[in-house]
Amino acid sequence: MTRSEVINICDEFLLSTISKLYGLEEYRIGLISPHEGGRNIVYICEREGSKSKILRISYLNDRHLEDYLSELEYIKYLFNHGGSVSNVISSLNGNILEEISYNDQMFFVSLFEKAKGKMLVENNYMYREGAEITEYYYNCGKTLGKLHQLSKNYTPIHSRYNFFDKFNEHYIDELIPDTLTLLKTKLKELIKTLKNLSRNRDNFGMIHFDYNDGNYSIDFDNGQITVYDFDNSCFSFYMFDLASLWINGVGWIQFEPDPIKRRKVMDDYFNIALDGYRSETEIADHMLNKLPLFINTAIMENIVDTFEVMKNNENDPMCDEAFMYLVKCLEDDIPYMGFFSDIYSCDAPFELEEGNV
């Protein structure tokens, strides 16, 4: 079933049914344009004098009831224990998840509080007036650190999947074409290295798995960050989210031609973010030293996601210069996404230019 078909079903049947389930009859319900790679149909629900809400309708058949319940229960746990996340709103039946069947198609429905503030991109990447950008860096780390600290004491009712359930040698063999022999070899080596790392409550638990400025809003009155979109959350190494935090900082300096200056800015940024993180929880130095490994792990996740999209939509990522850039970083063992290497061009950030193939 295509996205357009689902939207038509929403207009004709689902939205009226959902409105009754959640008491949204007096709300204006508007479709939100999807972001790249978006898996769900998302609406904003607004009514004068009331807090806005976010409605999510999931329809793809690669996830099941247990997946959605485990995600929503984790969000509720974080919110109830002081995590800065958009809380789940139960239906009038008291359910955090509603299942609706229509013409033999199952739809999973969930409702969330809309985070206060807005995303950085909605503010043209300008931080709040009167505050230093370093406050934002610190708060990014602090917010993530609080979530990880809470995860260290989290015991799920419905258990979310484990990182290695998906990222394993068998799936890489199945997904990646045999023509990309070197890439397959590097990905398998990366997975083997990760499997050999020790896993305990201090370094492995429930994580966001997509922590970036597209998945949180900022209250521009006080700088507070509210996190949402836990659609990819899973049990994995906390360092994966920290690697995502590092990657999220490259946008501030990506057009600087001097790699020495780029490294200095990134070191300063990440050290401030780590100060914020460590104000809430600890991360061992021996894990922090593996930051390049986990940046490569984030690259692997990106590559795997690209091949999954290609498989479903019959697209060809091989002509995508950004995709080929990531492949080359892994194949040639270029650390830090090539950000401090000759492969990187400030004129075409994170794209493979002619002569670097």
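The values are calculated or read from the model by the stated rules, or taken from the named source; none is laboratory data. It should be emphasised that the depicted structure is a prediction, and the values quoted were computed from it without experimental measurement. Cβ placement follows ideal geometry from the backbone for every residue including glycine, while neighbour counts extend to all protein chains displayed. Note: accessible area is taken over every heavy atom of the protein model, side chains too, but ligands, DNA and RNA are not part of it. Shrake-Rupley method; radii C 1.70, N 1.55, O 1.52, S 1.80 Å.
Things to note:
- Among the residues of segment 21-44, those that are in contact (Cβ under 8 Å) with a residue 60 or more places away in the chain and not in a loop (DSSP other than H, G, I, E, B) comprise 21, 22, 44.
- The residues of segment 48-80 that are surrounded by 14 or more Cβ atoms within 10 Å (Cβ to Cβ) and part of a loop (DSSP other than H, G, I, E, B), listed by number, are 52, 59, 63.
- Residue match in segment 232-246 (condition: open to solvent by 50 Å² or more (accessible area, probe 1.4 Å) and part of a helix (DSSP H, G or I)): no
- The numbered conditions (1) in contact with a strand residue (DSSP E or B) (Cβ under 8 Å, 6 or more places away or on another chain); (2) in contact (Cβ under 8 Å) with a residue 40 or more places away in the chain; (3) open to solvent by 10 Å² or more (accessible area, probe 1.4 Å) are all true for residue 206 except (3).
- Condition met for residue 331 (in contact with a Leu (Cβ under 6 Å, 6 or more places away or on another chain), without any contact (Cβ under 8 Å) to a residue 60 or more places away in the chain and open to solvent by 20 Å² or more (accessible area, probe 1.4 Å)): no
- Of all the residues in segment 117-140, those that are of a type in the set (D, E, K, R), open to solvent by 70 Å² or more (accessible area, probe 1.4 Å) and part of a loop (DSSP other than H, G, I, E, B) number 2.
- For segment 259-317, the helices (runs of 4 or more DSSP H) that sit wholly inside it and include 3 or more residues that are more than 27 Å from residue 200 (Cβ to Cβ) and either modelled with pLDDT of 95 or more or open to solvent by 40 Å² or more (accessible area, probe 1.4 Å) (or both) are 259-278, 291-313.
- Where a residue in segment 185-196 is at pLDDT below 95 and its partner, wherever it lies, is surrounded by fewer than 19 Cβ atoms within 10 Å (Cβ to Cβ), with Cβ under 8 Å and at least six apart: none
- Qualifying position, being touching a strand residue (DSSP E or B) at 6+ places or on another chain (Cβ under 6 Å), at pLDDT below 95 and not polar (S, T, N, Q), among 102, 59: 59
- Number of residues in segment 99-116 that are free of Cβ contacts under 8 Å to residues at least 12 places away in the same chain and crowded, with 16+ Cβ neighbours inside 10 Å: the value is 0.
- Which numbered condition residue 158 misses (of (1) more than 22 Å from the chain's Cα centre (by Cα); (2) touching a residue at least 12 places away in the same chain (Cβ under 8 Å)): (1)
- Scanning segment 45-82 for residues that are among the aliphatic types (A, V, I, L, M) and under 19 Å from the mean Cα position of the chain (by Cα) gives 54, 55, 57, 60, 69, 72, 75, 78.
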